[in-house]
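Novice: A single structure is presented below for examination.
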Amino acid sequence: MKKILPLIVCTSVMLLATSSFAQFAKPEDAVKYRKNTLFVMQQHFGRVAGMASGKVPFDAKVAADNAAVAEYMSKLPWAAFGEGTDKGDTRAKPEIWKEPAKFKEYSDKLTAEMAKLSAAAKTGNLDSIKTAVGAVGGSCKTCHDAYRKD
Ligand code: ASC
């Protein structure tokens, strides 16, 4: 233990100093994390969007519960786009790391629109939900058009 302790301390300090993907053990974990959090977000958003489009019967409680989960999930993926996570099993375009301010603007926009959707869903007003779903969808699309390979 005496011998490996300095090694552990040193490795921990190095990992903490390695910018924003420090919270992930390896770049593949960051890629997996952002894909999975985006997937869960989409599943819950999709349930609300289904009601907004009339494909699924409107249930105010189900809409509010799902929108709240989507709102929370919308905060998570962005920390997993750190330096060195541009390779591997990902459709993320290299532009993300060349234009970090614009990427942040888009991700902040999504998070803000998702919060508005959650607020709208809490009121139970279907028209407000429809408007907010449209804004979230537009925000997803803007970012995908710019930063996702298809
Ligand atoms: C979704 C989904 C997206 C967005 C986008 C909106 O449910 O998976 O990528 O909405 O289609 O334009």
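Novice: Among the trypsin sites (Lys or Arg not before Pro) in the stretch 62-150, which ones are in a DSSP loop with at most 13 other Cβ atoms within 10 Å of the Cβ? Mind listing them?
Specialist: Working: sites: 75, 87, 91, 98, 102, 104, 109, 116, 122, 130, 141, 148, 149; in loops: 75, 87, 91, 149.
When the trypsin sites (Lys or Arg not before Pro) of the stretch 62-150 are filtered for loop state and at most 13 Cβ neighbours within 10 Å, 87, 91, 149 remain.
Novice: Quickly work out the residue 149-to-residue 101 label distance, labels modelled 7 Å from Cα along the C-beta direction, and quote it in nm with one decimal.
Specialist: Once both label points are built, they end up 2.7 nm from each other.
Novice: Okay, moving on. Averaging over all projection directions, find the projected area of the Cα convex hull of the chain and quote it in nm² with one decimal place.
Specialist: 10.8 nm²
Novice: Could you tell me the distance between the Cα centroids of the stretch 69-85 and the stretch 98-150, to the nearest Å?
Specialist: 14 Å
Novice: Using only Cα positions of the stretch 110-150, each an equal point scatterer, no hydration layer, compute I(q)/I(0) via Debye at q = 0.21 Å⁻¹ and quote the log10 values to two decimals.
Specialist: -0.60
Novice: Could you please report the charge total around residue 56, scoring K, R as +1 and D, E as -1 over all other residues with beta-carbon less than 15 angstrom from its beta-carbon?
Specialist: Numbers: positive: 47, 55, 61, 130; negative: 59, 65.
Residues close to residue 56 contribute a combined charge of +2.
Novice: Helix 100-123: angle to the longest alpha-carbon principal axis of the chain, degrees 0 to 90, nearest 10?
Specialist: 40 degrees
Novice: Determine the calculated [θ] at 222 nm for the chain from helices alone, applying -39500 (n - 2.57) to every DSSP H run no shorter than 4 residues and normalising by the residue count; nearest 500 deg cm²/dmol.
Specialist: After summing the helix terms and dividing by the residues of the chain, the value is -23500 deg cm²/dmol.
Novice: Output the Cα-based Rg and Dmax of the stretch 83-133 in Å, rounding Rg to one decimal and Dmax to a whole number.
Specialist: Calculated on Cα positions, Rg and Dmax stand at 15.6, 43 Å.
Novice: Setting aside same-chain residues fewer than 8 positions from residue 104, which aspartates and glutamates have a Cα under 18 Å from its Cα?
Specialist: Partners within reach: 71, 83, 86, 95, 113, 145.
Read-outs: derived from the displayed coordinates by stated rules, not from any lab. In this text, all values refer to a predicted model and were calculated from it rather than measured experimentally. Note that each Cβ is placed from the backbone with ideal geometry, even for glycine, and that neighbours are counted across all protein chains shown.
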